[in-house]
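These notes concern the structure reproduced below.
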Protein chains: 4
Amino acid sequence: MGPQNKKIPVAVLGATGAVGQRFVQLLAAHPWFSISALAASQRNQGKKYGEACGWHLNGSMPDVVCDMLIAPVEPGLDARIVFSALPADVARSVEPAFAAAGYIVCSNSSAFRLDADVPVIIPEVNADHVSLFKRQHEERGWQGLLVTSPNCTTSGIAIPLKPLDVALGLKKVMAVSMQAVSGAGYPGLSYLDIQDNVIPFINGEEEKMERESRALLGKVVGKKRVDADFAFSAQANRVPVSEGHTICLSLELEQKATAVEVVDLLKDFRGPLHSPALPSMPLFPIQVRDEVDRPQPRKDRAAGDGMQISVGRVRSCPVLDIRMVSVVHNTLRGAASGAILNAELLVAEGYVS
Amino acid sequence: MGPQNKKIPVAVLGATGAVGQRFVQLLAAHPWFSISALAASQRNQGKKYGEACGWHLNGSMPDVVCDMLIAPVEPGLDARIVFSALPADVARSVEPAFAAAGYIVCSNSSAFRLDADVPVIIPEVNADHVSLFKRQHEERGWQGLLVTSPNCTTSGIAIPLKPLDVALGLKKVMAVSMQAVSGAGYPGLSYLDIQDNVIPFINGEEEKMERESRALLGKVVGKKRVDADFAFSAQANRVPVSEGHTICLSLELEQKATAVEVVDLLKDFRGPLHSPALPSMPLFPIQVRDEVDRPQPRKDRAAGDGMQISVGRVRSCPVLDIRMVSVVHNTLRGAASGAILNAELLVAEGYVS
Amino acid sequence: MGPQNKKIPVAVLGATGAVGQRFVQLLAAHPWFSISALAASQRNQGKKYGEACGWHLNGSMPDVVCDMLIAPVEPGLDARIVFSALPADVARSVEPAFAAAGYIVCSNSSAFRLDADVPVIIPEVNADHVSLFKRQHEERGWQGLLVTSPNCTTSGIAIPLKPLDVALGLKKVMAVSMQAVSGAGYPGLSYLDIQDNVIPFINGEEEKMERESRALLGKVVGKKRVDADFAFSAQANRVPVSEGHTICLSLELEQKATAVEVVDLLKDFRGPLHSPALPSMPLFPIQVRDEVDRPQPRKDRAAGDGMQISVGRVRSCPVLDIRMVSVVHNTLRGAASGAILNAELLVAEGYVS
Amino acid sequence: MGPQNKKIPVAVLGATGAVGQRFVQLLAAHPWFSISALAASQRNQGKKYGEACGWHLNGSMPDVVCDMLIAPVEPGLDARIVFSALPADVARSVEPAFAAAGYIVCSNSSAFRLDADVPVIIPEVNADHVSLFKRQHEERGWQGLLVTSPNCTTSGIAIPLKPLDVALGLKKVMAVSMQAVSGAGYPGLSYLDIQDNVIPFINGEEEKMERESRALLGKVVGKKRVDADFAFSAQANRVPVSEGHTICLSLELEQKATAVEVVDLLKDFRGPLHSPALPSMPLFPIQVRDEVDRPQPRKDRAAGDGMQISVGRVRSCPVLDIRMVSVVHNTLRGAASGAILNAELLVAEGYVS
């Protein structure tokens, strides 16, 4: 098994897209996993990855994948885990097929994210939601399983909310996001639309932020996920930033607390411990910045290899109780690295035999 | 007097700076005013404006000012009205000297903005605050007078709040701003600091937004300005946009209303009527955009020659009552044009003899 | 006829695209022309323009076109002149059909731009190339005619070269362009590709710059266009600028001249005179900037309503003879306004009966 | 000595500025050097580096320097090598004082860069210019020595020119640069000046590119540096890019060669070999990109840890012989890393005892 001895073979579904390339970049250097297959849409099948795929990320494509032949997006791949970067409509038919065929499917897609028997997981927030796999197995009859990771913005909200909810209880959350362009995939937004501009709307995003945050902070009771019940108002904006979502948060708490107490809760927050440690999990999921003008997406998005949420400007709020700003790396913590961390959790918890 | 026959001579204090250049650009083409003097700091005095001043705005400096000699920033200028684009610390000593000497001082500076006897005015919002001039005259003994215009962001908040406050009553306001770089003057922010970035802090801005909004929506009772008493939480962010502040607003109202009713109130809002009309006052101070993704600063900042506030995405809020997005042109409505509109109001109301 | 009495009805082909919208914006306010039809691809036919077309330009769509129904791109439109903003492959079949049916076709497409009997014209440079219409009529048998305008970058090169070629004779030209993103149409480049970046390649652009410049500066001898024979090396780059192409030029001349003499030639350059004047033709096609750091695309692209080429930094060259920098507004002079100016020329010269 | 056993103590002069911070970032992790002192201007002296210095680079300041006290910029520092990131006017008096006092001064400043006895060195290009130290010692009487590294743009020109000059002989060079904003230091350019813009002028840059390129490709004959004598025309532009200068080059060669032959010369180029290898010297100083649209600054600047020059689009030129595009990381190869590589060369060559 991965951490112990030889590497676990993994595949990437949708390997030529924006998130797919991030998966490839990260997995090519992963200590537990090795890329055994790359799958993409029909028109690229049979081509070499290096030829089919215009590399959008900085630098060059990892050498190890250049000559891999692109496989069809269907079971039969030589892999134990598949990472899905498929669009939601394709994921809807493909991901169940893989799970049925016995693969561990770690999906970044929204297709099944809020289904009753499909956990949406951030290990530091709700690793215990793996208990839903039992219901998933019973109801779907799959040999494998399907786990999802949340929307990129939600990651930057749910992680800092978690320790505050546990210690103080959340009643109301107002979130205004300033989201990076890479959150829309590639090619995503036209330069002409977003340069020198703010677009105060992202289709479906506010609903995802509200629903997924409540799911992540919810409980599994018996076989049922019971979502948290705080009120949530999300306002999503697109800004001319390449990577890193910034979120202004204002919170009302059950139990009042000072900004200093809130900072201490954020700083002390830890994820679940495994031995060996999960390679993609930072020691502290939250980095609290003391400077008056941080966090900033360009300066802070790469904290903890893009896995730490940076939080700052924790202060009281004249309307609710506490205000703060968080920054999340949307294509790492909020997408590819988040799904890989979920895979690591499943390995550590014994789901990958 | 201006509107009737010949033009009123006006001067610009701090004429070489960012807001000063906007004043020059606008006044060079003004139907009521003509530039008779340009004043700037000592090191530029006696030089021609065209030589002392690197023109930061697009296009070229107006021909009519190129050869004007720069005067000292002190009374003695051949002008009836002076527009002040001075930094707050300089304004503190200079503006009273001009007012004492009989000039009408229309200031864009924050130096006296919240003094008890110095009105901060947006004509469409609180033209009646001119009644404070009586107290100003009594207490200061000035022959002239001093009027101020609000902070650039406040303009984008107070105008849409006004009709809602009148009709429905404001209880709470949450405002998260995404502010253009030009709001920091010239040279302002380094490209290296703000490109590909969001800076979630602007020194003193949140306090200004909170206090000035309450002042503008307040009442003058006898000789005293009584500020409005709604709770206000402001979170100010700098984004890589050249001009146009975008503000996400969430409101709690005394009297509940639907989004449709709120839109109607915004659309019907009108400023005070004078004859002839004030040249810089748009027929409708608020433009409501119906598109799902508007207003946007690049596309909407120039509405009504930069004097209209664009509002959109009016919808209910799960935490408070109503959410909306507004865009204000920060160097026109929020700075130079705003101060010029105040001067026009004073002319129309007979303060400029 | 247009300038004398009532407006000439004109249509736009490809009216929903980036250049098409520019045509609509400009023609809606044109003194000689009035929009009588808007044509676009099949999927938009029969819809209202205001519904089919997401308005990409700043501000709002002109009211007058909002309710016009989109027509098919085929002869039968109620118009005398058609402006074509079609992609080259569509233009290849459609434009001849319109010309055959008697329309005056003013094309911004590259489809026929270098055909032997289709003039590519900038009125200030080679208005006399209209003599090719005779050959066009003889060979094609069209009742109407087809005129093209050059590639957007070429406009910023051919105009400043013209007076130098006439007075001094061009031997060699080196041009390195830094081109705005809008030159690639809409949606054009992904923000993720061009932000914080330079792309040193634009497909086909260097060849167009070289060939079209020689065509524009060539002569029509009898029925044949004889291209100019100077050597031309073009290097095209895309830079993160919204509008306005900047071009660094270095020239070798037959007859040596000082930088001062070159500046005088540029400043004195005039286009052909007609009475009444062509509405889109600036009095001086070239604006020479004296500042050491001009022209700049953001500050100078709008000179002369986007129709003036701004030139600066004229100085000697250690390798060839003279260096200079030019800026051209690529979607106005280099696209829509350029084609409209051609139409005005044809009206003035009596081709539009 | 450094490579053999314990680390060599080094100091940074001008440690709080833009290049100074790059020195600190790189030296904090250097295998041969350890930071023993940080010096900066008077107003910061005695403060902790972590307090005096707003960290402009991404991420956080290295822990090891946070508590170091800032020293005065004068001899007496506990260090063997000093890296100078001083402005030219300060460097003019300070650097000789350090060299006189026995320090090895590796300067990034232009103050002495073209003095007859001060070598400007890129190890891969002209390591043999160290022979000028003999003359420097004789004429100046310094116990230490002073070596300079070239202007950031020159690095991106001289390295690809070197193998071509050796094999084919250079006659003429035309260079048009598109330079990143970080080349102007911090705070450098205002966002308002450079966003959505190109500035076709950088003060003094074109002269530096021309003169330093000839110096680097020149020979030392006896005690005299004889500069190369090719003609050089440089046109420098500032573009909205954070880091990475892009340069369009066109060359005339003594001996004609095909693009393929030129590519082979570039690919095979190697720097001088030492044992152990210099830590900052890439195995191949030039990376040739085959893609039609590379190199690009954002994607290629980090090649070889920012020390490789990326070259592409090698093709023939209709005016001269060969055209190509190069990209250099201006604050690494072109500034801090370049000076550190010079220090490594001096260690390897025995100048640092």
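The values are calculated or read from the model by the stated rules, or taken from the named source; none is laboratory data. In this text, all values refer to a predicted model and were calculated from it rather than measured experimentally. Here the Cβ positions follow ideal geometry from the backbone for every residue, glycine too, while neighbour counts run over all protein chains shown. For the accessible areas, the whole protein counts, side chains as well, though only heavy atoms, and no ligand, DNA or RNA atoms are used. Shrake-Rupley method; radii C 1.70, N 1.55, O 1.52, S 1.80 Å.
For B:K208, the test of being under 19 Å from B:P160 (Cα atoms), out of contact with any Leu (no Cβ under 7 Å at 6 or more places or on another chain) and either in a strand (DSSP E or B) or at pLDDT 95 or above (or both) is passed.
Among the residues of segment B:226-235, are any on the phi > 0 side of the Ramachandran plot and assigned to a loop (DSSP other than H, G, I, E, B)?
Scanning segment B:226-235 turns up no residue that is on the phi > 0 side of the Ramachandran plot and assigned to a loop (DSSP other than H, G, I, E, B).
Going by the conditions given, is A:S34 among the small types (G, A, S), closer than 27 Å to A:C152 by Cα and open to solvent by 40 Å² or more (accessible area, probe 1.4 Å)? In short, yes.
For C:G141, indicate whether it is among the small types (G, A, S) and either open to solvent by less than 20 Å² (accessible area, probe 1.4 Å) or within 14 Å of chain A (Cβ to nearest Cβ) (or both). No: the conditions fail for C:G141.
Does C:L26 fit the bill of being touching a residue at least 40 places away in the same chain (Cβ under 8 Å) and open to solvent by 20 Å² or more (accessible area, probe 1.4 Å)? Here the answer is yes, as C:L26 does meet what is asked. Might you let me know whether segment B:82-89 holds any residue that is more than 19 Å from B:R113 (Cβ to Cβ), surrounded by fewer than 24 Cβ atoms within 10 Å (Cβ to Cβ) and acidic (D, E)? Looking for residues that are more than 19 Å from B:R113 (Cβ to Cβ), surrounded by fewer than 24 Cβ atoms within 10 Å (Cβ to Cβ) and acidic (D, E), one finds none in segment B:82-89, hence no. Among C:P150, C:P240, which is crowded, with 24+ Cβ neighbours inside 10 Å, within 14 Å of another protein chain (Cβ to nearest Cβ) and part of a loop (DSSP other than H, G, I, E, B)? Only one candidate passes the filter, namely C:P240. Can you spot a residue in segment C:66-79 that is surrounded by fewer than 17 Cβ atoms within 10 Å (Cβ to Cβ) and touching a residue at least 60 places away in the same chain (Cβ under 8 Å)? Looking for residues that are surrounded by fewer than 17 Cβ atoms within 10 Å (Cβ to Cβ) and touching a residue at least 60 places away in the same chain (Cβ under 8 Å), one finds at least one in segment C:66-79, hence yes. Within segment B:318-339, the residues that satisfy the criterion of being open to solvent by 10 Å² or more (accessible area, probe 1.4 Å) and more than 30 Å from B:C106 (Cβ to Cβ) are B:P318, B:V319, B:L320, B:D321, B:R323. Taking the criterion of being at the interface with chain A (Cβ under 9 Å from one of its Cβ atoms) and open to solvent by less than 10 Å² (accessible area, probe 1.4 Å), the residues of segment B:206-237 that qualify are B:F232, B:S233, B:A234, B:Q235, B:N237. Report the residue count in segment C:1-40 for those that are in contact with a strand residue (DSSP E or B) (Cβ under 6 Å, 6 or more places away or on another chain) and of a type in the set (K, R). Total satisfying the criteria: 1. Against the numbered list (1) more than 9 Å from every other protein chain (Cβ to nearest Cβ); (2) surrounded by fewer than 21 Cβ atoms within 10 Å (Cβ to Cβ); (3) in a strand (DSSP E or B), C:A257 comes up short only at (3). When D:A343 is tested against the conditions (1) touching a Cys at 6+ places or on another chain (Cβ under 8 Å); (2) open to solvent by 10 Å² or more (accessible area, probe 1.4 Å), the lone failure is (2).
In segment C:164-180, which residues are more than 12 Å from chain D (Cβ to nearest Cβ), open to solvent by 10 Å² or more (accessible area, probe 1.4 Å), in contact (Cβ under 8 Å) with a residue 40 or more places away in the chain and outside any loop (DSSP other than H, G, I, E, B)? Spell out how you get there, then give the answer.
Applying the first criterion (more than 12 Å from chain D (Cβ to nearest Cβ)) to segment C:164-180 yields C:164-169.
Okay, now just the ones that are also open to solvent by 10 Å² or more (accessible area, probe 1.4 Å), so C:165-169.
From the residues that got through so far, the ones that are in contact (Cβ under 8 Å) with a residue 40 or more places away in the chain too are C:165, C:167-169.
Hits for segment C:164-180 are C:D165, C:A167, C:L168.
Pairs are defined by a Cβ separation below 8 Å, a sequence spacing of at least 6 or placement on different chains, a first member in segment C:181-204 that is more than 10 Å from chain A (Cβ to nearest Cβ) and closer than 16 Å to A:G185 by Cα, and a second member that is among the hydrophobic types (A, V, I, L, M, F, W, C) and outside any loop (DSSP other than H, G, I, E, B); no pair meets this definition. Is one or more of the residues making up segment B:193-204 surrounded by fewer than 24 Cβ atoms within 10 Å (Cβ to Cβ) and among the small types (G, A, S)? Taking every residue of segment B:193-204 in turn, at least one turns out to be surrounded by fewer than 24 Cβ atoms within 10 Å (Cβ to Cβ) and among the small types (G, A, S). Of the set (1) open to solvent by less than 10 Å² (accessible area, probe 1.4 Å); (2) modelled with pLDDT under 95, all apply to B:G185 but (1).
Is there a residue in segment C:262-274 that is under 28 Å from C:A302 (Cβ atoms) and basic (K, R)? Give the derivation first.
Going residue by residue through segment C:262-274, those that are under 28 Å from C:A302 (Cβ atoms) are C:262-274.
Next cut, basic (K, R) only: C:267, C:270.
Yes: one or more hits.
Applying the criterion of at least 2 residues that are among the hydrophobic types (A, V, I, L, M, F, W, C) and away from every other protein chain (no Cβ under 14 Å) to the helices (runs of 4 or more DSSP H) found wholly in segment C:287-353 leaves C:337-348. Residues in segment D:250-258: is at least one at pLDDT 95 or above and out of contact with any Leu (no Cβ under 9 Å at 6 or more places or on another chain)? Yes, segment D:250-258 contains a residue that is at pLDDT 95 or above and out of contact with any Leu (no Cβ under 9 Å at 6 or more places or on another chain). For D:P62, the stated conditions do not hold, so it cannot be described as open to solvent by less than 40 Å² (accessible area, probe 1.4 Å) and farther than 30 Å from A:D290 by Cα. If you go through segment A:266-275 one residue at a time, do you hit one that is basic (K, R) and within 14 Å of chain B (Cβ to nearest Cβ)? The answer is no; no qualifying residue exists. Within segment D:6-51, which residues are away from every other protein chain (no Cβ under 14 Å) and under 21 Å from D:A184 (Cβ atoms)? Passing the criteria: D:V12, D:L13, D:G14, D:A15, D:T16, D:G20, D:F23, D:V24, D:L26, D:A40, D:S41. Number of residues in segment B:80-102 that are touching a residue at least 60 places away in the same chain (Cβ under 8 Å) and in contact with a helix residue (DSSP H, G or I) (Cβ under 9 Å, 6 or more places away or on another chain) equals 6.
Would you confirm whether or not segment A:191-203 contains a residue that is touching a Pro at 6+ places or on another chain (Cβ under 7 Å) and closer than 19 Å to A:R333 by Cβ? The answer is no; no qualifying residue exists.
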